[in-house]
Amino acid sequence: MDLGLTERLKPILEQVRQMIRDEIKPLDAEFLAEVEKGDRWRYTSRQSEILEGLKARAKERGLWNFWLTDSERGYGLTTVEYAYLAEEMGKSHLAAEVFNCSAPDTGNMEVFERYGGEAMKKRWLEPLLDGRIRSAYLMTEPDVASSDATNIAMACVRDGDSYVLNGEKWWSSGAGDPRCAVYIVMVHSPSAERGKHQQHSMIVVDAATPGIEVLRAMEVYGMDDAPHGHMHIRFSDVRVPAENMLLGEGGGFEIAQGRLGPGRIHHCMRAIGQAENALELMCRRSLQREAFGKPIAHLGANHDIIANCRMEIEQARLLCLKAAWMMDQGDPRAAAPWISQIKVVAPIMALKVIDEAVQMFGAQGISQDTTLAHSWKHVRTLRLADGPDAVHRRQVARVELKKYTQQKV
């Protein structure tokens with residue numbers, strides 16, 4: 001099992017690391033400050049200048065679409081190789097989008113590539129791969145416990161050459177972006193002839209379709225994440241062409257598992273990057289700030305805190321790389337419990353490191369003067385995104401218990 005840097009990856013990683021450090025990260029604060037100017041849900045001219053300028057530079061250098069693992073379209077990286085790049089991207093607010101590697105677009109592009117017809121690829125996949133539009137993935141619903149996806153209830157009824165959609169979705173990440181042009185939507189399309197996990201489907205919906213109403217932006221601890229947004233959306237008699245159904249009726253769970261697995265790994269490695277960023281800030285602060293006549297690094301239990309953060313980051317990284325390696329072996333069922341393990345471990349670890357960094361900064365740590373408060377809110381959300389901790393722990397426990405019993409668990 002080789003989890004180290006390959007010779008192919010080393011020069012790419014160095015280019016990505018350097019661009020993030022020298023060109024992208026220095027513009028994060030200015031980009032975010034622009035949100036407060038004018039319409040929060042429209043990019044200011046300066047935001048567009050920053051983002052599009054960085055994307056153009058990344059594309060010119062060939063630093064683009066790394067997430068296309070095992071594909072002729074991209075570098076053909078393994079999941080393990082991509083994981084190192086995702087960690088670096090986690091250190092900057094803008095980096096993932098600059099390299100066209102941001103959620104939910106990466107997962108949606110995989111769905112289009114695997115399951116979309118040629119017309120669909122032409123209309124949606126090509127502009128997504130080129131970074132000209134954004135997309136959203138609509139799964140969670142306000143009125144059901146969506147941690148059990150069999151509860152998803154948005155009605156999808158065939159009517160001639162169309163499907164008619166009715167219901168509500170929320171936490172639709174990216175749907176607030178003015179460039180968001182297309183949704184991939186998990187819907188309920190029941191049939192007595194199909195099994196429990198074949199009662200749902202995925203369908204592609206043009207975001208401009210009549211009957212779609214964005215009700216509000218959901219807030220994370222008071223932050224609306226404009227202009228990206230996590231929107232609450234109502235569908236009222238929304239008509240979608242029948243050919244927009246992916247993999248036929250009942251194929252929703254099959255698509256979802258293929259889509260969510262890689263995305264979870266990407267999220268976890270970016271969380272590790274955020275933890276690394278927080279540890280760096282913590283160390284620099286502890287050496288620069290003095291109290292009671294000495295640098296605060298040497299006060300109280302701060303040596304232990306810094307050491308424990310380093311050790312926990314290393315442990316989480318190794319577990320994430322092993323999960324990535326399991327994915328690369330081509331057996332999704334074997335990889336699933338490893339993905340669930342890191343999906344629990346990485347956000348909890350990152351939250352702890354970020355919180356310790358906040359404590360080291362004192363009152364400044366919870367303010368807008370550092371990136372820590374923003375990172376904490378983002379990573380806390382990750383403990384719910386793509387399945388809450390309890391669901392993933394349940395999956396890990398079921399696999400573990402099967403080793404010792406023949407009974408159903």
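At-a-glance table
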read-out: Given (1) surrounded by 15 or more Cβ atoms within 10 Å (Cβ to Cβ); (2) in a helix (DSSP H, G or I); (3) modelled with pLDDT under 95, index of the condition Met349 fails; value: (3)
read-out: Near pairs, Cβ below 7 angstrom, 6+ apart or cross-chain, from the stretch 61-88 (among the acidic types (Asp, Glu)) to any residue that is assigned to a loop (DSSP other than H, G, I, E, B) and modelled with pLDDT of 95 or more; value: Glu81/Thr6
read-out: Per-region count, the stretch 202-249, residues of a type in the set (Phe, Trp, Tyr) and in contact with a helix residue (DSSP H, G or I) (Cβ under 9 Å, 6 or more places away or on another chain); value: 1
read-out: Residue match in the stretch 166-188 (condition: surrounded by fewer than 21 Cβ atoms within 10 Å (Cβ to Cβ), over 26 Å from the mean Cα position of the chain (by Cα), farther than 21 Å from His232 by Cβ and at pLDDT 95 or above); value: no
read-out: Scan of the stretch 22-48 for residues that are under 18 Å from Phe99 (Cβ atoms) and either β-branched (Val, Ile, Thr) or without any contact (Cβ under 8 Å) to a residue 12 or more places away in the chain (or both), ordered by number; value: Asp22, Ile24, Pro26, Ser48
read-out: Out of Leu247, Leu215, sole residue that is under 30 Å from Ser367 (Cα atoms), surrounded by fewer than 18 Cβ atoms within 10 Å (Cβ to Cβ) and among the aliphatic types (A, V, I, L, M); value: Leu215
read-out: Given (1) hydrophobic (A, V, I, L, M, F, W, C); (2) surrounded by 16 or more Cβ atoms within 10 Å (Cβ to Cβ); (3) farther than 27 Å from Asp224 by Cβ, number of the condition Ala397 does not satisfy; value: (2)
read-out: Single match in Glu97, Glu52, Glu60, Glu87 (criterion: at pLDDT 95 or above, charged (D, E, K, R) and in contact with a Cys (Cβ under 9 Å, 6 or more places away or on another chain)); value: Glu87
read-out: Where a residue in the stretch 270-285 is over 19 Å from Lys343 (Cβ atoms) and its partner, wherever it lies, is hydroxyl-bearing (Ser, Thr, Tyr) and buried (at least 24 other Cβ atoms within 10 Å of the Cβ), with Cβ under 8 Å and at least six apart; value: Asn277/Ser375; Ala278/Ser375
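Here's the yes/no breakdown for (1) in the same structural domain as Ala207 (by TED's automatic domain parsing); (2) closer than 22 Å to Gln47 by Cα; (3) surrounded by 22 or more Cβ atoms within 10 Å (Cβ to Cβ):
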site	(1), (2), (3)
Met89	no, yes, yes
Gly107	no, no, yes
Glu110	no, no, no
Gly117	no, no, no
Lys122	no, no, no
Pro127	no, yes, no
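Each row is one residue, and each column tells you yes or no for (1) assigned by TED's automatic domain parsing to the domain that holds Gln47; (2) within 21 Å of the chain's Cα centre (by Cα); (3) touching a residue at least 24 places away in the same chain (Cβ under 8 Å).
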| residue | (1), (2), (3) |
| --- | --- |
| Val144 | no, no, no |
| Lys196 | no, no, yes |
| Ala208 | no, no, yes |
| Met231 | no, yes, yes |
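Matching residues to (1) exposed (fewer than 13 other Cβ atoms within 10 Å of the Cβ); (2) among the polar types (S, T, N, Q):
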| residue | (1), (2) |
| --- | --- |
| Lys25 | no, no |
| Asp28 | no, no |
| Gly38 | yes, no |
| Ser45 | yes, yes |
| Glu52 | no, no |
| Ala56 | yes, no |
| Lys59 | no, no |
| Trp64 | no, no |
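The values are calculated or read from the model by the stated rules, or taken from the named source; none is laboratory data. Just so it is clear, the model here is predicted, and its values are computed rather than measured. All Cβ positions, glycine included, derive from the backbone under ideal geometry; neighbour counts span all protein chains shown.
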